[in-house]
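> The structure under discussion is supplied below as structure tokens; questions concerning it will follow.
The values are calculated or read from the model by the stated rules, or taken from the named source; none is laboratory data. Everything numeric here is computed off the predicted structure, so don't read it as measured data. Quick reminder, even Gly has a Cβ in these numbers, built from the backbone with ideal geometry, and neighbours come from all protein chains shown.
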Amino acid sequence: MSLPRAYVEHVAIRVPDVDCHIAFFRDVLGLAIRDEQPADGARPRQVWVVGSVQLIEDPNFVGPEGRLAHLGIMVDDYEGVLTRAAAWGAKALPAGANWLELPGGLNVEILQASAGAVEGALAINPRA
């Protein structure tokens with residue numbers, strides 16, 4: 001049996017000022033906004049930066065503890081990963097079957113990657 005392949009697509013973090021952080025990722029690193037969800041009363045404003053982070057606005061946040069919200073993990077075998085996670089003991093969260101809580105409280109979001117995307121991401125050598 002071959003092992004599944006996956007990579008972390010984004011890390012969701014809480015920040016007191018989303019605009020300040022957008023400016024850093026845009027002006028310093030040249031990273032654009034991929035998606036944005038405005039605050040709607042039930043959910044805070046959220047911004048996804050290309051290839052890196054999801055910023056969740058929390059004006060009351062005073063880190064660093066509690067900053068991490070979840071890891072978004074791209075997988076090449078979505079159904080297989082969810083089946084193995086359930087057998088392993090990961091707890092499904094109310095947000096959906098692909099939202100899991102691991103022992104110790106770490107939350108992960110499992111996302112199906114498009115064909116070849118995981119292999120392409122894993123082929124990148126960040127030290128080269």
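> When only residues in region 1-18 that are in a loop (DSSP other than H, G, I, E, B) and hydrophobic (A, V, I, L, M, F, W, C) count, which is farthest from the chain's Cα centre (by Cα)? Talk me through it step by step, then tell me what you get.
Here is the first cut: in region 1-18, the residues in a loop (DSSP other than H, G, I, E, B) are 1-5, 16-17.
Then keep just the ones that are hydrophobic (A, V, I, L, M, F, W, C); that gives 1, 3.
On the way: M1: 27, L3: 21 Å.
Across region 1-18, the extreme among qualifying residues is M1.
> Here is a further query. Please indicate, with yes or no, whether at least one residue in region 65-80 is within 22 Å of R5 (Cβ to Cβ), assigned by TED's automatic domain parsing to the domain that holds S114, out of contact with any strand residue (DSSP E or B) (no Cβ under 7 Å at 6 or more places or on another chain) and surrounded by fewer than 17 Cβ atoms within 10 Å (Cβ to Cβ).
So far as region 65-80 goes, yes, one or more of its residues are within 22 Å of R5 (Cβ to Cβ), assigned by TED's automatic domain parsing to the domain that holds S114, out of contact with any strand residue (DSSP E or B) (no Cβ under 7 Å at 6 or more places or on another chain) and surrounded by fewer than 17 Cβ atoms within 10 Å (Cβ to Cβ).
> Could you grab me the full set of residues in region 19-39 that are in a strand (DSSP E or B) and basic (K, R)?
Here is the first cut: in region 19-39, the residues in a strand (DSSP E or B) are 33-37.
Matches in region 19-39: R34 only.
> Could you check how many residues of region 30-55 are of a type in the set (A, V, I, L, M), surrounded by 12 or more Cβ atoms within 10 Å (Cβ to Cβ) and out of contact with any helix residue (DSSP H, G or I) (no Cβ under 8 Å at 6 or more places or on another chain)?
Residues that pass the stated criteria total 1.
> Hey, can you tell me all the residues within region 40-83 that are in a helix (DSSP H, G or I) and of a type in the set (A, V, I, L, M, F, W, C)?
Here is the first cut: in region 40-83, the ones in a helix (DSSP H, G or I) are 78-83.
Result: V81, L82.
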